[in-house]
Amino acid sequence: MRTVIQRVSRASVTIDEIKVSEINEGLLILLGIEELDTNTDIEWLTKKIANLRIFNDENGVMNKSLLDINGEAIVVSQFTLHASTKKGNRPSYIYAAKPEIAIPLYEQFIAELEILLHKKVGTGQFGADMKVELLNDGPVTIIIDSKNRD
């Protein structure tokens, strides 16, 4: 499971000109799921994200987590995070999980993050053409891959 996490002042997801999710201070989480991902990846990654200290404390030091600031989150599925660009100029997505595997893991990831944050998490729609807007705060952007946790 691979994520691109962006600390945002605000973010939103629009589908067919309808805003389906909107948050203020928090994290926009782009989530890529591969065939080999499991519940263990979800548990590790959601805990890491909820506790990642990338928000400023009273001294302007990145020392607070999403939990500490009671921040919000949006999770957007993005299979292109598993693009392979080794050969040629057209990316290959052979490592991205097929919908029958990815959708349940995506939904479980969201549910687990909601439990950890004690609040609803915004989402996009799996497989939809989405317009994602954000105001990156910092900018702070972090990539985390659950396969690199050891």
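The values are calculated or read from the model by the stated rules, or taken from the named source; none is laboratory data. In this text the structure is predicted, and so the values were computed from the model without any measurement. Backbone-built Cβ (ideal geometry, glycine too); neighbour counts: all protein chains shown.
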* Can we say E133 is more than 15 Å from R2 (Cβ to Cβ) and without any contact (Cβ under 8 Å) to a residue 40 or more places away in the chain? -> no
* Structure fact -> Taking region 83-112 and the residues there that are β-branched (V, I, T) and part of a loop (DSSP other than H, G, I, E, B), the one that is nearest to S21 (Cα to Cα) would be I94
* To do: Would you point out the residue of region 112-137, among those that are surrounded by 16 or more Cβ atoms within 10 Å (Cβ to Cβ) and farther than 20 Å from N39 by Cα, that is modelled with the lowest pLDDT?
  => G124
* In this structure, is T46 of a type in the set (V, I, T), in a helix (DSSP H, G or I) and out of contact with any Leu (no Cβ under 9 Å at 6 or more places or on another chain)? -> no
* To do: Within region 1-38, count every residue that is of a type in the set (D, E) and more than 20 Å from I142 (Cβ to Cβ).
  => 4
* **Complete set of residues in region 57-82 that are among the small types (G, A, S), part of a loop (DSSP other than H, G, I, E, B) and either under 17 Å from N39 (Cα atoms) or touching a Gly at 6+ places or on another chain (Cβ under 9 Å) (or both)** => S65, G71
* Asked: Which pairs do you get when a residue that is free of Cβ contacts under 8 Å to residues at least 24 places away in the same chain, found in region 80-104, comes within reach of a residue that is part of a helix (DSSP H, G or I), reach meaning Cβ atoms under 9 angstrom, with the pair 6+ apart or on two chains?
  -> P91/T80; Y93/F79; Y93/T80; Y93/H82; I94/H82
* Working only within region 1-17, note down all residues that are outside any strand (DSSP E or B) and either more than 18 Å from T80 (Cα to Cα) or more than 12 Å from the chain's Cα centre (by Cα) (or both). => D16, E17
* Filter result for F109 (hydrophobic (A, V, I, L, M, F, W, C), over 14 Å from the mean Cα position of the chain (by Cα) and buried (at least 19 other Cβ atoms within 10 Å of the Cβ)) -> no
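Residues are listed down the side, and each one gets a yes or a no for (1) within 18 Å of E112 (Cβ to Cβ); (2) surrounded by 13 or more Cβ atoms within 10 Å (Cβ to Cβ):
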| site | (1), (2) |
| --- | --- |
| L27 | yes, yes |
| I49 | yes, yes |
| I54 | no, yes |
| V61 | no, no |
| L66 | yes, yes |
| I69 | no, yes |
| V76 | yes, yes |
| I94 | no, no |
* Asked: Within region 118-148, which residues are over 15 Å from I18 (Cα atoms) and not in a strand (DSSP E or B)?
  -> H118, K119, K120, V121, F126, G127, S146, K147, N148
* Of all residues in region 41-68, which are without any contact (Cβ under 8 Å) to a residue 40 or more places away in the chain and either of a type in the set (G, A, S) or within 23 Å of F79 (Cβ to Cβ) (or both)? -> G60, S65
